[in-house]
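One structure is given below, encoded as structure tokens.
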Amino acid sequence: MVKLTEFARGGGCGCKVAPAELQKMLAGLRQGEHGALLVGNSHNDDAAVWNLGNGQLLLSTTDFFLPVVDDPFDFGRIAAVNALSDIYAMGGKPAFALAILGWPVEKLGAELASVVLRGASQVCAEAGIPLAGGHTIDATEPFFGLAVNGFCEVKHLKTNSGAQSGDILYLSKPLGVGMVNAALKRGSMPDAELFARALESMLKLNRIGEALGRVEGVHAMTDVTGFGLAGHLFEICKGSSLQANLKWAMIPRLEGLEVLMNSYVFPDMTTRNFNAYNQNMSELSAEALMLLCDPQTSGGLLIAAAPEAASAVEEILRADGGSIIPIGTLLSGKEPFIFVE
Ligand code: CO
Ligand code: CO
């Protein structure tokens, strides 16, 4: 049995380029003026947004990564759920997707790649969209993901810059999949049920984003992926010029995660995230550092909503089986900052 994770240095959103390196890469990049481009790369939003001029927006995004699990079908499914998530995080509805596949054909064979693609195709069917094409290359490491296009009504768009002081924060999926993936990669996964819970979470579509898009009081949304809750929350704080007050005890985490936290099993990306956001956060305990900087693969939606919209948001989360407990609030302040209490 081939173990896909053995062919990858890092996996899932944990193989994202570290925030500091990404900044260097994007420095000096000029987008130019394009009247129809409503959202480009300025606020690190989940997708680019193009105004079609008829009240409709075109959303476009891509996401791909190295294997995060050993099973090729699950890898295809997780990568697809994760890529679709960026459309939902903008309040949109996906329309169609293209596959992006790199494969060491000689080492792994074409058959396994076809299983990855079948996994992705199943997720696209679940989301009600076609996997309409794609591009493949013969590569030294396997990687897979999708480019996704979607639509959104102008009035339903949620970006990182729309949050307001007083907004309540929600997180729809528990944190900790980065730690689980690290344990799996090191062959030291102590709890099969913990892995099953992490897998279930990574396979869950964030389609509630579409419904949340229609809730007027939802001011900002993003999906929590490689930069962890700390990083993605900081994007909202920066984009909206606000500070966040997180309630540590309320942050949802995978049931049974303590077994990994107590033995300090976490991926390298956790430290890179901490180095990037450390100066913008209050002092963290070891546990808070591991959890808040844990890179999520196919993580949940982080939602900033007005208190008046709380019941509407909680109803959508409850119907989806997500966590309905507020994890904190946003408030005005001089510099974007995250307080953890
Ligand atoms: Co995203
Ligand atoms: Co993404």
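Just so it is clear, none of the values below were taken in a lab; they were calculated from the coordinates. Here the structure is a predicted model, which is why all the values come from computation and not from measurement. Please note: Cβ atoms are built from the backbone with ideal geometry, for glycine as well, and neighbour counts cover all protein chains shown.
Does a label point 7 Å from the Cα of residue 60, set along Cα-to-beta-carbon, have any residues of region 135-178 with amide nitrogen under 11 Å, and which are they? What the label zone holds, given the 11 Å backbone N cut-off, is 148-150.
Shown here: region 74-192, whose C-alpha atoms stretch 54, 39, 24 Å along the first, second and third principal axes, sorted largest to smallest. Partner lysines whose Cα lies under 28 Å from the Cα of residue 247, excluding those fewer than 8 positions away in the same chain, are identified as 16, 158, 173, 204, 238, 334. Within the listed set 88, 277, 264, the residue fluctuating most in the Gaussian network model of the chain (springs between alpha-carbon atoms under 10 angstrom) is 264. Here's how it looks for residue 62: its modeled amide H is under 5 Å from those of 148, which are all 5 or more places away or on a different chain. Counted over all Cα-Cα pairs of region 4-156, pairs farther apart than 25 Å make up 35 percent. What the Cβ-Cβ distance of residue 249 and residue 107 gives, at R0 = 35 Å and to the nearest 0.05, is a FRET efficiency of 0.15. The Cα atoms of region 43-111 cover 49, 21, 18 Å along the three principal axes, with the biggest extent listed first. Taking the dipole about the Cα centre of the chain, with the C-beta of Lys and Arg at +1 and of Asp and Glu at -1, give me whichever of 297, 84, 260 is farthest to the positive side. Checking the options against the dipole of the chain, the answer is 84. For the options 278, 160, 41, a Gaussian network treatment of the chain with springs between C-alpha atoms closer than 10 Å singles out 41 as fluctuating the most.
Translational diffusion coefficient of the chain at 25 °C, 0.890 mPa s, Stokes-Einstein with Kirkwood Rh over Cα pairs, in µm²/s as a whole number. Value of D from the Cα-based Kirkwood radius: 123 µm²/s. Where the alpha-carbon atoms of region 174-260 are placed on the principal axes, they occupy 43, 26, 22 Å, in descending order. Think of region 1-112 as having a plus end and a minus end, set by charges on the Cβ of Lys, Arg, Asp and Glu; of 102, 17, 31, 31 sits farthest toward the positive end of this dipole.
Here each label is just a point 7 Å from Cα along the line to Cβ, and for residue 196 and residue 335 those points are 4.7 nm apart. Expressed in Å, the radius of gyration and Dmax of the Cα atoms of region 168-340 are 15.4, 47. Placing +1 on each Lys and Arg Cβ and -1 on each Asp and Glu Cβ, with no other charges, gives the chain a dipole about its Cα centre of roughly 360 debye.
Between residue 155 and residue 186, full extension at 0.36 nm per residue minus the direct alpha carbon distance yields a gain of 6.6 nm. Between the amide H of residue 95 and those of 149, 150, 151, distances stay under 5 Å, these residues lying 5 or more places away or on another chain, with hydrogens modeled in the peptide plane. Of the trypsin sites (Lys or Arg not before Pro) found in region 1-74, those in coil by DSSP whose Cβ has at most 15 other Cβ atoms within 10 Å are 3, 9, 30.
Can you return the aspartates and glutamates within cross-link range of residue 3? Criterion is Cα-Cα under 19 Å, with same-chain partners fewer than 8 residues away left out. Answer for residue 3, where 19 Å is the Cα cut-off: 70, 71, 74, 106, 111, 138, 141, 191, listed by chain and number. Counted residue by residue at 0.36 nm each, then reduced by the alpha carbon distance between them, the extension gain from residue 95 to residue 135 reaches 12.6 nm. Helical content of the chain, expressed as a calculated mean residue ellipticity at 222 nm, amounts to -10500 deg cm²/dmol (DSSP H runs of 4 or more residues, -39,500 (n - 2.57) each, divided by residue number, nearest 500). Positive contributions from Lys and Arg (+1) and negative ones from Asp and Glu (-1), summed over other residues with Cβ under 10 Å from the Cβ of residue 197, come out at -4. What whole-number distance in Å separates the alpha-carbon centres of region 37-91 and region 285-341? If you average the Cα positions of each part, the centres end up 20 Å apart. Computed over neighbours whose Cβ is under 13 Å from that of residue 325, the net charge equals +3, Lys and Arg +1, Asp and Glu -1.
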